[in-house]
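The values are calculated or read from the model by the stated rules, or taken from the named source; none is laboratory data. Nothing here was measured: the structure is a model prediction, and the numbers come from that model. Counting neighbours? That spans all protein chains shown, and the Cβs are built from the backbone with ideal geometry, glycine included. Ligands, DNA and RNA are stripped out before the accessible areas are found, and what is left, the full protein with its side chains, is counted by its heavy atoms. Shrake-Rupley method; radii C 1.70, N 1.55, O 1.52, S 1.80 Å.
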Protein chains: 2
Amino acid sequence: MIRKIVVKDARFPLTNGAGSDAVHQQPVYSYTVACVYDDKGNCGTGLAFTLGAGNELVCAAARFYGEQLIGKELNEVMATFGDWFKQRADEQQFRWLGPHKGVVHLALAAVTNACYDLWAKQQQVPLWKLLLDLSPEQVVNTLDLSYLEEVLSREEALKLLIDMQASRPEREGILRTGYPAYDTSAGWFNYSDDQLEANCRRAIDNGFKALKLKVGAKNPDTDIRRAHIVRNTVGADIKVMVDANQQWNLPQAIAIGKRLADINPYWIEEPTHPDDVLAHQTLAAALQPLKLALGEHVPNKVIFKNYLQTGCAGFIQVDAVRVGGVSEFITVSLLCKKYGVPVVPHVGDMGQLHQHLVLFNHIAMGHEALFLEHIPHLRAHFAEPANITGGFYHTPEMPGSSCDLLALNTFAG
Amino acid sequence: MIRKIVVKDARFPLTNGAGSDAVHQQPVYSYTVACVYDDKGNCGTGLAFTLGAGNELVCAAARFYGEQLIGKELNEVMATFGDWFKQRADEQQFRWLGPHKGVVHLALAAVTNACYDLWAKQQQVPLWKLLLDLSPEQVVNTLDLSYLEEVLSREEALKLLIDMQASRPEREGILRTGYPAYDTSAGWFNYSDDQLEANCRRAIDNGFKALKLKVGAKNPDTDIRRAHIVRNTVGADIKVMVDANQQWNLPQAIAIGKRLADINPYWIEEPTHPDDVLAHQTLAAALQPLKLALGEHVPNKVIFKNYLQTGCAGFIQVDAVRVGGVSEFITVSLLCKKYGVPVVPHVGDMGQLHQHLVLFNHIAMGHEALFLEHIPHLRAHFAEPANITGGFYHTPEMPGSSCDLLALNTFAG
């Protein structure tokens, strides 16, 4: 039985240009940390990610949702978690503050993720194994598929999972080899050209086959110059992704995107406003065969559905600490599977939770094991930091979702 | 100079079924009330609307934005308000909590609206007159037109206003006749059939030529029965609008919308999820010539742009206490003018602020003076409640935007 919920406000200022992009000059990586306690001594930890100011608002909203778990049996909640989630997401007064977006949805993510973490800890298995051991019906029961009916019925979601069951063994080898990682920390926005070049060399030395450069400078020539530095440093065989963090309007995105084609980027990430489905559709058509990677700021399955329906997204970057948590992440991943678009999560969780989810996506859904973003800046704060060597995430083996933080009592809030 | 900002949490539980719809069974109409004080003894009041729980989160976020006004000259802020607004909307840490939606954008609306109220009070004119007395350039300087470049440049926005200047006198008669109102309070969701019929008769007796019915019942037969009661009671010449408050998925909306066509509704409002641009596009095509009215839950200009680009909206119901306030309301109204779609605001403010804005839209932009929603339940709480007789809003004459509330110190929070 769930007996207590505690929500903590954890903030980690970054320094020396780490984490900087075209929007965020002084990032404070922050978590709303929902801690759900059962009566057996287990504590489930769920995260939502923010950038500092206002994290206390997400914490307050998470307490509102979390209190509705008290006295419940977690197994019963998880058996029909899709219903529990929809009832919370549609809570008649809180819903006005979204619906299904912003502070309230981030808060629901933290509580949802805590439920999944506790569920895995109760069964003494890592989250990826808990998810893989669920039947397709049990998986679908954890999902809220409302507002997707015209593209993904419950029956179709079930079939997507059932159809991949026979071939699972072919994909389970990844549990031994590890899941490929890419390096986001080579090309933060505020890094000097020298630093950028040194970081690129270090990334390759560390085994990474793909890395990211932040663009979106006031003067696009800066972006072009830095992009060429990266390409010249890493050579033709390393994948280079560029990330504009929404700094461009549509005409700018078309113009600068075409110039960036010279360095053959693997994708262009968040070129413009995340709500602008039609601008992305126009842009994708204008820049093809260049592909767009979208989703870091997309709050829910409905907008992802529109992204997929328009065909604008070459890669979907759904983030389980931005959408309503693990269950909505899986829902969006099923949508992507239906549309044949790879899922390459944004990792507001620094990859701690997503290292479990991409294993599930690959083995249970047959999503390509492309690579998972790696951001190292908060390693020292996690109880079980992701273990990345030679450019691969090693499969986590401890019970839960790897989201426990150290020394929480020392944080602000 | 702005010397102080106070934010209050005002909540008004409704009773006896008033305010009920398919989502909200026990509505608590609530305002985040931003009070901005200058050093001359003026206080500007700005509202954002919520439905109760979580209003305290919007209040906290409004304090964050409001504090950034302290020490500023209001005239200087308003001279380039579009820039001020964009800087706040893109504040590097708070932006993560949106962007441009949910709690943080509601908070920005309250502060923005307080600035406009104070601006009008300082000049001792009602807001509609202040807005009408601005030059087209001054109006456009108050707007943040970013992310609209491909459909509405600054030059085009200016031209839309300049082109309508010569014909303004033809439209100024409305200041004397008043702006038509429609009655939302005839058909709340929880009203009995008898109450519904009596309310319809009363609405007609009170001079209304249009009224609204809440639909979206679990059993659609209920909706159809109630819709026929309304049509049979009011006759063929009264406009009847039906409002589903997002309760339908796309297949349901198509099926029930076709059945509702029998009663010839003037529009179908909020049929499905507000983020689902493509579902609305499909639905509008399936139900034509029936028209959709959309926007009550749409948080920003970018999604409205998509609505307009797809042609799904027959009417745009932008609400200045839901989007980022007066300036974003005007921005969306300019977009609607360009696309030839009428603006019929949702009135979370109970029409207090919007009675000014629709006069501006009609006279300065040439938008049709269709009608403005009327909801009477909070009349007793406003210092200068909107004056509606014979089915018309009388033109407000007192300085400001008519948003001052009485006895604020007695409210929760």
Of the criteria (1) within 14 Å of chain B (Cβ to nearest Cβ); (2) under 17 Å from A:H354 (Cα atoms), which one A:T45 fails: (1)
Can you tell me which of A:T80, A:T50 is more than 12 Å from chain B (Cβ to nearest Cβ) and either open to solvent by 10 Å² or more (accessible area, probe 1.4 Å) or touching a Phe, Trp or Tyr at 6+ places or on another chain (Cβ under 8 Å) (or both)? A:T80
Answer from A:D163, A:D144 - the residue that is at pLDDT 95 or above and open to solvent by 40 Å² or more (accessible area, probe 1.4 Å): A:D163
Filter pass, B:A157 being away from chain A (no Cβ under 14 Å), open to solvent by less than 40 Å² (accessible area, probe 1.4 Å), in contact with a Pro (Cβ under 9 Å, 6 or more places away or on another chain) and at pLDDT 95 or above: yes
Based on this model, can you work out whether A:V323 counts as in contact (Cβ under 8 Å) with a residue 24 or more places away in the chain, under 16 Å from the mean Cα position of the chain (by Cα) and open to solvent by less than 10 Å² (accessible area, probe 1.4 Å)? yes
A careful count of residues in region B:283-303 that are in contact (Cβ under 8 Å) with a residue 40 or more places away in the chain, over 16 Å from B:I330 (Cα atoms) and assigned to a loop (DSSP other than H, G, I, E, B) gives 1
Kindly check whether there is at least one residue in region A:386-402 that is at pLDDT below 95, within 20 Å of A:G19 (Cα to Cα) and more than 13 Å from the chain's Cα centre (by Cα). no
Mind checking which residues of region A:253-295 are open to solvent by 10 Å² or more (accessible area, probe 1.4 Å), within 14 Å of another protein chain (Cβ to nearest Cβ), out of contact with any Asp or Glu (no Cβ under 7 Å at 6 or more places or on another chain) and more than 20 Å from A:G340 (Cβ to Cβ)? A:I254, A:A255, A:L278, A:T282, A:A286
Among the residues of region B:186-206, which ones are touching a Gly at 6+ places or on another chain (Cβ under 9 Å), farther than 30 Å from B:L132 by Cβ and either in contact (Cβ under 8 Å) with a residue 12 or more places away in the chain or open to solvent by 70 Å² or more (accessible area, probe 1.4 Å) (or both)? B:W188, B:F189, B:N190, B:Y191, B:Q195, B:L196, B:N199, B:C200, B:A203, B:I204
Would you tally the residues in region B:114-141 being open to solvent by 60 Å² or more (accessible area, probe 1.4 Å) and farther than 17 Å from B:E328 by Cα? 5
Taking region B:332-344 and keeping only residues that are open to solvent by 10 Å² or more (accessible area, probe 1.4 Å) and assigned to a loop (DSSP other than H, G, I, E, B), one is left with B:G340, B:V341, B:P342
Return yes or no: is B:M350 assigned to a loop (DSSP other than H, G, I, E, B), more than 30 Å from A:Q281 (Cβ to Cβ) and in contact with a helix residue (DSSP H, G or I) (Cβ under 8 Å, 6 or more places away or on another chain)? yes
Elements of type helices (runs of 4 or more DSSP H) contained in region B:178-260, each with 2 or more residues being more than 30 Å from B:T389 (Cβ to Cβ): B:220-234, B:250-260
Restricting the search to region A:85-134, which residues are acidic (D, E) and either within 14 Å of chain B (Cβ to nearest Cβ) or in contact with a His (Cβ under 7 Å, 6 or more places away or on another chain) (or both)? A:D90, A:E91
For the structure I just gave you, tell me whether B:E172 is at pLDDT 95 or above, assigned by TED's automatic domain parsing to the domain that holds B:C200, open to solvent by 10 Å² or more (accessible area, probe 1.4 Å) and more than 30 Å from A:A48 (Cβ to Cβ). yes
Any pair with Cβ under 6 angstrom, 6 or more apart, that starts in region A:1-27 at a residue that is closer than 17 Å to A:A217 by Cβ and ends at one that is polar (S, T, N, Q) and not in a strand (DSSP E or B): A:G17/A:N190; A:S20/A:N190; A:D21/A:N245; A:A22/A:N245; A:A22/A:Q247; A:V23/A:N245; A:V23/B:Q92; A:H24/B:Q92
Can you find, within region A:182-234, the residue that is farthest from A:E373 (Cα to Cα) among those that are touching a helix residue (DSSP H, G or I) at 6+ places or on another chain (Cβ under 8 Å) and basic (K, R)? A:R225
Of everything in region B:185-228, what is touching an Asp or Glu at 6+ places or on another chain (Cβ under 6 Å) and either closer than 16 Å to B:Y266 by Cα or not assigned by TED's automatic domain parsing to the domain that holds B:Q252 (or both)? Give them in sequence order. B:F208, B:L211, B:K212, B:K214, B:V215
Could you grab me the full set of residues in region B:345-367 that are of a type outside the set (A, V, I, L, M, F, W, C), over 17 Å from B:G400 (Cβ atoms) and open to solvent by less than 10 Å² (accessible area, probe 1.4 Å)? B:P345, B:G348, B:N361
Within region A:167-197, track down each residue that is touching a strand residue (DSSP E or B) at 6+ places or on another chain (Cβ under 9 Å) and among the small types (G, A, S). A:G178, A:A181, A:S185, A:A186, A:G187
Scanning region A:232-252 for residues that are surrounded by fewer than 18 Cβ atoms within 10 Å (Cβ to Cβ) and either farther than 30 Å from A:V277 by Cα or among the charged types (D, E, K, R) (or both) gives A:N232, A:G235, A:A236, A:D237, A:K239
